[in-house]
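The values are calculated or read from the model by the stated rules, or taken from the named source; none is laboratory data. Note that this is a predicted model, so its numbers are computed, not measured. Neighbour counts are summed over all protein chains in view; Cβ atoms, including those assigned to glycine, are modelled from backbone coordinates with ideal geometry. Just so you know, the surface numbers come from the protein's heavy atoms only, side chains and all, with ligands and any DNA or RNA stripped out. Shrake-Rupley method; radii C 1.70, N 1.55, O 1.52, S 1.80 Å.
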Amino acid sequence: FLGAKGGVGTTTVATNVATSLAQLASGSTILIDLHLAYGDAAVYLGTEPRFSVIDALENVHRLDKAFLGGLVGHARGGLSLLASSDRASATPVDTTSVRMLIESAAKHYRYVVLDVPRTDVMIDALEPSSRIVIVAHQELATVRNASRIAASFRQRYGNDRVTVIVNRVDTHAEIGRDDV
């Protein structure tokens, strides 16, 4: 899940989808908050994990099932969470490390849900993703950004993998559903 613009509810949507998937089978789903620092997924889930996505990215060479399992926190309903950090990363994060994290998680979980910030490193790491969901709402700048991002992603990843959703539909907004 990637927001077309900040504040469209991407973390809320990602958290709710991950929670719903986890209810299908406990232990089957991991939510990874790829906001390296100060992401909100852990807050939304009411957890305070001891480790973070930065710990995983700093140790991608060790990400077997046991090590990854030791890093994740657990939320209600059997959802595993690799949360954002409360500190900024001391070293730069590269696309390869993020991709390795996603691929490792996919080996150990049936569903891997990503809350993705709009940074080049994170966007470039989405190759292993089977579905990319762009979250928007009914504001002109957001619809424009969603359209541009979707076109770019469809060209890069194919039409079948990219979806745009509208969060918080307002039936009285100037931009209606048909306009979007």
Summed residue charge, Cβ within 11 Å of Asp33's Cβ, Lys/Arg positive, Asp/Glu negative:
-2
Which order do Val164, Val13 take by accessible area at a 1.4 Å probe, largest first?
Val164, Val13
Is segment 1-94 best put as rounded, prolate or oblate by its Cα gyration tensor, with a ≥ b ≥ c the root eigenvalues, rounded for a/c under 1.5, and otherwise prolate when a/b is larger than b/c, oblate when not?
oblate
Taking every DSSP bridge whose two residues both lie in the chain, the antiparallel percent to the nearest 5 is 10
For Ser130, placing the label point 7 angstrom along Cα-to-beta-carbon and taking segment 137-170, residues whose amide nitrogen sits under 16 Å are 160-163
Arrange the residues Thr163, Thr15 by how much accessible surface each exposes, largest first, with a 1.4 angstrom probe.
Thr163, Thr15
Work out from phi, with θ = phi - 60° and the Karplus expression 6.51 cos²θ - 1.76 cosθ + 1.60, the ³J(HN,Hα) of each residue of segment 31-40, listed in order in whole Hz, and give x for Gly and Pro.
9, 10, 8, 7, 6, 4, 9, 6, x, 10
Quote the accessible area belonging to Val133 in square angstrom, nearest 10, computed with a 1.4 Å probe and with ligands, DNA and RNA left uncounted.
20
In segment 76-180, which GluC sites (Glu not before Pro) fall in coil by DSSP and have 12 or fewer other Cβ atoms within 10 Å?
Glu174
Quick check: with the 1.4 Å probe, what order do Lys107, Lys5, Lys65 take by accessible area, largest first?
Lys107, Lys65, Lys5
Which FRET efficiency value, to the nearest 0.05, do you get for Arg110 and Ser147 by plugging their Cβ-Cβ distance into 1/(1 + (r/R0)^6) with R0 = 45 Å?
0.90
Distance between segment 115-160 and segment 54-102 - C-alpha centres, whole angstrom:
22
Residues with beta-carbon under 14 Å from that of Ala136, excluding Ala136: net charge, scoring Lys, Arg +1 and Asp, Glu -1?
+3
